[in-house]
Amino acid sequence: MDLAQSSVEEWLDSHPDDMQDYFLRHADVTLVNKWLVAHGFNQLPDFPAPIRNSSLTNLSNESSNPSSPVDTRCNDSGFFDSSRHQRSNSKKHLRHDYARSKKRNIFRTYEPNGGESTLESRRNSLKEMRQFRSLPPTSVNLLSMLIQSKVRLPRYPSKDIDHKRELKETNEKEFFLEIVKDISNELDLKSLSAKIVANVSCMLDADKVSLYLIEGKAAGKQVLVSKIFDLHAGTSIFPSCTGDIRVPWGQGIIGHVAETGETVNLKDAMKDPRYNDELGKITGYQTETLLCMPIRNADNEIVGVAQALNNNKEEGFTQEDEKMLATYLTFCGIGIHNAQIFDAYSKEYDRNRALLEVVHDLFTEQTSVDHVVLKIMQRAQSLLKCERCSLLLKDKESNSENAFDKIFDLAYPMKNGHSGNRRRAVTRQETLNGLHSLPYLNSDRDSSLRVTSKIAELVLLTGETINITDASQDPRIEHEDETVKGIRTRSVLCKPVRNRHFQIIGVAQVINRIDGLPFDDHDDLLFEAFAIFCGLGINNCQLYEQVSLAAARQAVALEVLSYHASVPQEEVLKLKEKKLPDIQELKIMEFTFNDFSLDNDQMMQASVIMFNDLGLSKKFRIEYETLCRWLLTVRKNYRNVAYHNWRHAFNVCQVMFTILKHCQCKNYLTDNETLALTVACLCHDLDHRGTNNAFQQKSSSALSQLYGTSATLEHHHFNHAIMILNSGGTNLFGNLGSEDFSEVTKLLKQAILATDLSLHIQLRSKFFAMVDSGQKVFDDRESKEIVRSVMMTTCDIAAITKPWEVQRKVSELVITEFFDQGDKEKHELNIQPQACMDRDRQDEIAKLQLAWIDGICLPLYKSLVQLDSAFQPMLDGLLDNRSRWERLDAERLSKHAILETGV
């Protein structure tokens, strides 16, 4: 049974049309009521038996497009017609009751775009929400969720007009309470107007009722507007294509009541001089009695006018009718005031949503000015509902202050939902002296821009907003072009566009609201925001273009550098074909190695021997030619400075090689770490400029701007090493797997950055603590990283441990570099250099060397000996050199004493 039921349900789900048809043919009211209760709706009223058992097919067809909670059907002339609202027990009447009952839920969600709160729309909303939750959390999806309105409004289910008429006849107090509750929670102005019209018609038993609301608060800008098709007698105004009917302030009976606040009650309206019979002549409708009354809010301000025509009493509208209407309109005034506030909120919500979408566009599209501007213009045109939106960018190279070099023009969609937009980049030769002088602007669209060209030029010159409400009366509009091309410019709103420095870079303008009205204060404020965002978008795109251009220049520079930094193939072959000497002959496994004993070619061969002897070439399948080319390229990329040159790099690598051969450190390291340390030693000072990190920061050099002020040169050395490894034929890591390649590259970076002395000072306390604790095994990540960093520093400053002849010569080279930097600081930066870099204090070299040994070197090498006795030769060499520097310093002090005493 379960299997059969499952099969039936599966078939119904796959055939929704057949399932709906079956339900409509067989479901009764009881089943429908169960469904309504289960989904939170009111039940249907109790139908007569013949109706209850009848088919629901026709009912469904009617309910698929349910009517408004208040029936506001009009007669042929457009008035609200009470004669159509007679009580009926017909099937049609019952179908409408059923359709209305589907909308009688307690809450509804307000959608500023006018979404219907029907069951189908709620189903679609839930479906969309489920789809949204299944989407990845991209910025577009998150933004869609953010800009959805979360406001839920209470709603009172409106009774039909027949029920109200029955209440009026049987219980006036209950009737009045009902029509007050009917409007109490309605915040949509159009729906509220319809309810008020229906309720007033029922209350006064009037043949026709009309309602007008006041728009505009400034004197001279006030107008009466009806939101529904409720034509009235007493004015010559006809419904417009937009659905609003507008009455000028002070004209006709309605305008008079709005202006004066007086109540007008006429028994023979056609005899009143304020009455206009044009509508009656056209429609054949005769107006006899008339009651027109202002609607005031809680602050006693007039917010609208209600007018009733032709009641069924012989004496016309009585004093009792006036009193009853005035009482009801008091509640209507409060409701209208609340609805107007909510309408303002809705507009503000739309505005904020549009601006949020513009911000999103700015951050997601920064690669092209054209794309950014077009997106912003499309949103501006859509929200402002104007016929065209244009942006004219100022010509920076022209001598004229009102010349444009680029035009973006977006026309209103004409057909098939496609926009007739056009974008154009215009040269200065074409623009000449302004938009109006463009020789090629000969199409209808271009002519419309020519019409407003003087306005755009004026805004560009003055920086002031121009809002023209009636273009036909403005002399700045080129009316001749309008006559020739049949273009009609009704209204123009034009604003300057500024960059982040508040400089005017262009002009944005919108032309002709689609509804025919001029641009109001709300449009002005909204377009101001769009102009600001347009300026920001253009500025961001220009910055992006500058960054892209700089990146392209950098790529070209790197390509050129890579080409010139590479070595000729002849040199590679020469090194490759040379026979390698014996390792013992080169003496590169001794701590007392003479840093100046080998020439350039011998250092190349010694480097190859170190790679081979450590097993790196075989382990990592490094081709011999690749190794030779890489070594020659690294040597070529060292500058010809006094100390931090290729010889220093080789000497550091030689010390690392000796440590790896004689000390226990090799046991702590993996093959990847050994490779990284060896490569790091040879690359750790690549492209050194002979000045330190402090100088880079003081001089605000390009390196400090690129890498920051922390380990500036070390970052540059690493990036230069990577550039060489990525060049053709010099990739030592080419045969490594992806994981090994990533690990070795990371280790290489750590090793090169470790040669920054400031980092060593931060780490050495941890290293000393590890050694003092007797730790001999370094197998965790942190301790191994500390050991590797200490090894790099040990090798980098190892010249202080070499024999005195070598140490003295190295110190002279270091001092030469230091003095050169000190001279630059004095003469170029106008600052006093440190003592070790001041040429005027060169007699203090021995003293400074002692401070260097005691502060940095001696604690390090003592700790290394404590860790491994194999480091003892380095400590011995250091102590011997210290004693020699101490004697030199003593001689200096003795000379000073002699000079001071004169003995």
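The values are calculated or read from the model by the stated rules, or taken from the named source; none is laboratory data. Since the structure is predicted, the reported quantities are computational estimates derived from the model, not experimental observations. So basically every Cβ, Gly included, is an ideal-geometry build from the backbone, and we count neighbours across all protein chains shown. Please note that ligands, DNA and RNA were not included when accessible areas were found on the heavy atoms of the full protein model with its side chains. Shrake-Rupley method; radii C 1.70, N 1.55, O 1.52, S 1.80 Å.
Numbers for the structure displayed
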{"read-out": "Matching entry among Gln605, Gln554 (being outside any loop (DSSP other than H, G, I, E, B) and either open to solvent by less than 50 Å² (accessible area, probe 1.4 Å) or touching a His at 6+ places or on another chain (Cβ under 7 Å) (or both))", "value": "Gln605"}
{"read-out": "Conditions (1) at pLDDT below 95; (2) farther than 30 Å from Tyr624 by Cα; number of the one not met by Ser738", "value": "(2)"}
{"read-out": "Residue in region 673-686 that is open to solvent by 40 Å² or more (accessible area, probe 1.4 Å) and either in contact with an Asp or Glu (Cβ under 6 Å, 6 or more places away or on another chain) or of a type in the set (D, E, K, R) (or both) present", "value": "no"}
{"read-out": "Helices (runs of 4 or more DSSP H) fully within region 629-702 counting 2 or more residues that are at pLDDT 95 or above and of a type in the set (Ser, Thr, Tyr)", "value": "671-683"}
{"read-out": "Residues of region 716-729 that turn out to be buried (at least 18 other Cβ atoms within 10 Å of the Cβ) and either free of Cβ contacts under 8 Å to residues at least 24 places away in the same chain or in a loop (DSSP other than H, G, I, E, B) (or both), as a count", "value": "1"}
{"read-out": "Test: residue in region 314-327 that is surrounded by 18 or more Cβ atoms within 10 Å (Cβ to Cβ), at pLDDT 85 or above, closer than 25 Å to Lys195 by Cβ and in contact with a Lys or Arg (Cβ under 6 Å, 6 or more places away or on another chain)", "value": "no"}
{"read-out": "Enumeration of residues in region 177-225 that are among the small types (Gly, Ala, Ser) and modelled with pLDDT of 80 or more", "value": "Ser184, Ser191, Ser193, Ala194, Ala198, Ser201, Ala206, Ser210"}
{"read-out": "Number of positions in region 625-651 that are among the β-branched types (Val, Ile, Thr) and over 50 Å from the mean Cα position of the chain (by Cα)", "value": "0"}
{"read-out": "Extreme residue, surrounded by the most Cβ atoms within 10 Å (Cβ to Cβ), among residues of region 626-647 that are basic (Lys, Arg) and farther than 18 Å from Val572 by Cβ", "value": "Arg647"}
{"read-out": "From Glu590, Glu545, Glu571, Glu577, residue being under 23 Å from the mean Cα position of the chain (by Cα) and open to solvent by 60 Å² or more (accessible area, probe 1.4 Å)", "value": "Glu545"}
{"read-out": "Sole exception among (1) touching a helix residue (DSSP H, G or I) at 6+ places or on another chain (Cβ under 8 Å); (2) surrounded by fewer than 20 Cβ atoms within 10 Å (Cβ to Cβ) for Leu713, by number", "value": "(2)"}
{"read-out": "Matching entry among Phe657, Phe611, Phe650 (being open to solvent by less than 10 Å² (accessible area, probe 1.4 Å), in contact with a Ser or Thr (Cβ under 6 Å, 6 or more places away or on another chain) and within 22 Å of Leu575 (Cα to Cα))", "value": "Phe611"}
{"read-out": "Residue selected from region 687-703 under the condition under 36 Å from the mean Cα position of the chain (by Cα) and closer than 25 Å to Thr633 by Cα, by the criterion most open to solvent (accessible area, probe 1.4 Å)", "value": "Ala702"}
{"read-out": "Hey, Leu732 within 27 Å of Leu573 (Cα to Cα), open to solvent by less than 10 Å² (accessible area, probe 1.4 Å) and either of a type outside the set (Val, Ile, Thr) or not in a helix (DSSP H, G or I) (or both) or not", "value": "yes"}
{"read-out": "Out of Leu848, Leu829, sole residue that is in contact (Cβ under 8 Å) with a residue 12 or more places away in the chain, surrounded by fewer than 18 Cβ atoms within 10 Å (Cβ to Cβ) and aliphatic (A, V, I, L, M)", "value": "Leu829"}
{"read-out": "Matching residues, region 809-819, being within 16 Å of Asn693 (Cβ to Cβ), open to solvent by 20 Å² or more (accessible area, probe 1.4 Å) and in contact (Cβ under 8 Å) with a residue 24 or more places away in the chain", "value": "Val814"}
{"read-out": "Inter-residue pairs, beta-carbon under 6 Å, first in a helix (DSSP H, G or I) and in region 10-37, second open to solvent by 70 Å² or more (accessible area, probe 1.4 Å), 6+ apart", "value": "Leu12/Met19; Val29/Arg52; Asn33/Gln43; Leu36/Gln43"}
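Quick grid of which residues meet (1) basic (Lys, Arg); (2) outside any loop (DSSP other than H, G, I, E, B); (3) without any contact (Cβ under 8 Å) to a residue 40 or more places away in the chain:
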position: Ala298; (1), (2), (3): no, no, yes
position: Lys313; (1), (2), (3): yes, no, no
position: Lys323; (1), (2), (3): yes, yes, yes
position: Phe331; (1), (2), (3): no, yes, no
position: Gln340; (1), (2), (3): no, yes, no
position: Tyr349; (1), (2), (3): no, yes, no
position: Arg353; (1), (2), (3): yes, yes, no
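Here's the yes/no breakdown for (1) in contact (Cβ under 8 Å) with a residue 40 or more places away in the chain; (2) open to solvent by 20 Å² or more (accessible area, probe 1.4 Å); (3) assigned to a helix (DSSP H, G or I):
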residue: Ser758; (1), (2), (3): yes, yes, yes
residue: Leu763; (1), (2), (3): no, yes, yes
residue: Phe767; (1), (2), (3): yes, no, yes
residue: Val771; (1), (2), (3): yes, no, yes
residue: Lys784; (1), (2), (3): yes, yes, yes
residue: Val787; (1), (2), (3): yes, no, yes
residue: Val790; (1), (2), (3): yes, no, yes
residue: Cys795; (1), (2), (3): yes, no, yes
residue: Gln807; (1), (2), (3): yes, no, yes
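Table: residues versus (1) within 30 Å of Ile659 (Cα to Cα); (2) under 60 Å from the mean Cα position of the chain (by Cα); (3) in a helix (DSSP H, G or I).
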site	(1), (2), (3)
Ile845	yes, yes, yes
Asp854	yes, yes, yes
Tyr861	yes, yes, yes
Met874	yes, yes, yes
Leu879	yes, no, yes
Glu886	yes, no, yes
Asp889	no, no, yes
Arg892	no, no, yes
Glu900	no, no, yes
